[in-house]
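Undergrad: A single structure is presented below for examination.
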Amino acid sequence: MRRAGYSWKRMRRSLKAQRDPTAFAAGAHELAQLQAAEARGELALYYGDEVRFSRYAPVPYAWQVRGRPPVGLPAERGAGGGYSLLGLWRPGVAYQPLQAWLSETAFTADLFVAAVDAFSLGLTQPTVLVLDNASIHRAVLVRQHHAGWAARGLRLVFLPPYAPELNRIEILWRFCKHYWLPPAAYRSAQTLRDQVASLLRKIGTPHYRITFG
């Protein structure tokens, strides 16, 4: 295969072909304005998302033509045992605090509402929470709480469709899975839960922060 011009490398999952470039640019501009407002001390900017830590994750490597961009795969939710994590992360301050909830099952709208409601009770300044368009984020139950959260100083901002790059917490999940979580964590369901819980407590400490250029 190598003599034929192929190399063995990871394939990249991409949603770029499905996005609206105009909406993506508008979303990026809005986030830049929010980041500037946070830098001025006008608000706190959090990014929220769910992620799955699984012992049965696929390894998407394949033979591909050398010198060409990685082959894109459809971004589909995988299956397999593990734990779901809901995180609300503030990367724009030095200590990068993370509030997280770990579950053996997938997060539902009611679990999401309970977590965000608890988060909103502890706010000390105007706060913006950036989210993607997952169904649990857009559920009727969630919309019913918008006014109450707004009264506590919390506003939800939704990213344009197919724009995961704009959600900075996606970078945190990548670091957790590929750099910070040791291979030994996947030996059993219990070791995975223990290691993920331990890692979550370290986020924001000096060796578990992310620098943005």
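Undergrad: If you take the beta carbon distance between Ala94 and Leu141 as r and set R0 to 25 Å, what does 1/(1 + (r/R0)^6) give as a FRET efficiency, to the nearest 0.05? The partial results should precede the final answer.
TA: Details: r = 35 Å, r/R0 = 1.40.
Computed FRET efficiency for Ala94 and Leu141 comes out at 0.10.
Undergrad: Explain nothing, just the number: dipole magnitude of the chain about its Cα centre with +1 on each Lys and Arg Cβ and -1 on each Asp and Glu Cβ, in debye rounded to the nearest 20.
TA: 1120
Undergrad: Another one. Just to verify a number: what accessible area does Leu156 come out at with the full protein assembly present, 1.4 Å probe, Å² rounded to tens?
TA: 30
Undergrad: Taking H placed 1.01 Å from N in the peptide plane, check which residues at least 5 places from Arg66 or on another chain put their amide H under 5 Å from its amide H.
TA: Excluding prolines and chain starts, which carry no amide H, the hits are Tyr6, Ser7.
Undergrad: Add +1 for every Lys or Arg and -1 for every Asp or Glu among the other residues with Cβ under 14 Å from the Cβ of Phe175, and state the total.
TA: Details: positive: Arg168, Arg174, Lys177, Lys202, Arg209; negative: Asp49, Glu170.
Once positives and negatives cancel, what remains is +3.
Undergrad: Right, here's the next one. For Arg66 and Thr211, calculate 0.36 nm times their separation in residues minus their Cα-Cα distance, and state this gained length in nm to one decimal. List each step's numbers first, then the result.
TA: Details: separation 145, 0.36 × 145 = 52.20 nm, distance 3.14 nm.
Gain on extension, Arg66 to Thr211, equals 49.1 nm.
Undergrad: 222 nm [θ] for the chain, helices only, -39500 (n - 2.57) per DSSP H run of 4+, per residue, to 500?
TA: Result for the chain, helices only: -9000 deg cm²/dmol.
Undergrad: So how exposed is Arg40, as accessible area in Å² (1.4 Å probe, rounded to 10)?
TA: Only protein atoms counted, so the area is about 150 Å².
Undergrad: Counting only protein heavy atoms and using a 1.4 Å probe, what share of the accessible area of the chain belongs to carbon plus sulfur, as a whole percent? It would help to have the intermediate numbers written out before the result.
TA: Details: 6630 of 12170 Å².
The value for the chain is 55 percent carbon and sulfur by accessible area.
Undergrad: Roughly how tilted is helix 21-39, in degrees to the nearest 10 and between 0 and 90, from the longest Cα axis of the chain?
TA: For 21-39 against the chain, the angle is about 50 degrees.
Undergrad: In whole Å, how far is the Cα centre of region 182-213 from that of region 25-53?
TA: So the separation of the two Cα centres works out to 23 Å.
Undergrad: Between Asp117 and Ala37, what length comes free when the chain is fully extended (0.36 nm per residue of separation minus the Cα-Cα distance, one decimal in nm)?
TA: Full extension of this stretch gives 26.4 nm more.
Undergrad: OK, next. What FRET efficiency comes out for Met1 versus Ala151 if R0 is 41 angstrom and r is the Cβ-Cβ distance? Round to the nearest 0.05. Can you show the working numbers first?
TA: Details: r = 61 Å, r/R0 = 1.49.
Efficiency at R0 = 41 Å is approximately 0.10.
The values are calculated or read from the model by the stated rules, or taken from the named source; none is laboratory data. All values reported here derive from a predicted model rather than from experimental measurement. Heads up, the Cβs are rebuilt from the backbone with ideal geometry, glycines too, and the neighbour counts pull from every protein chain shown. All accessible areas refer to the heavy atoms of the entire protein, side chains included, with ligands and DNA or RNA removed. Shrake-Rupley method; radii C 1.70, N 1.55, O 1.52, S 1.80 Å.
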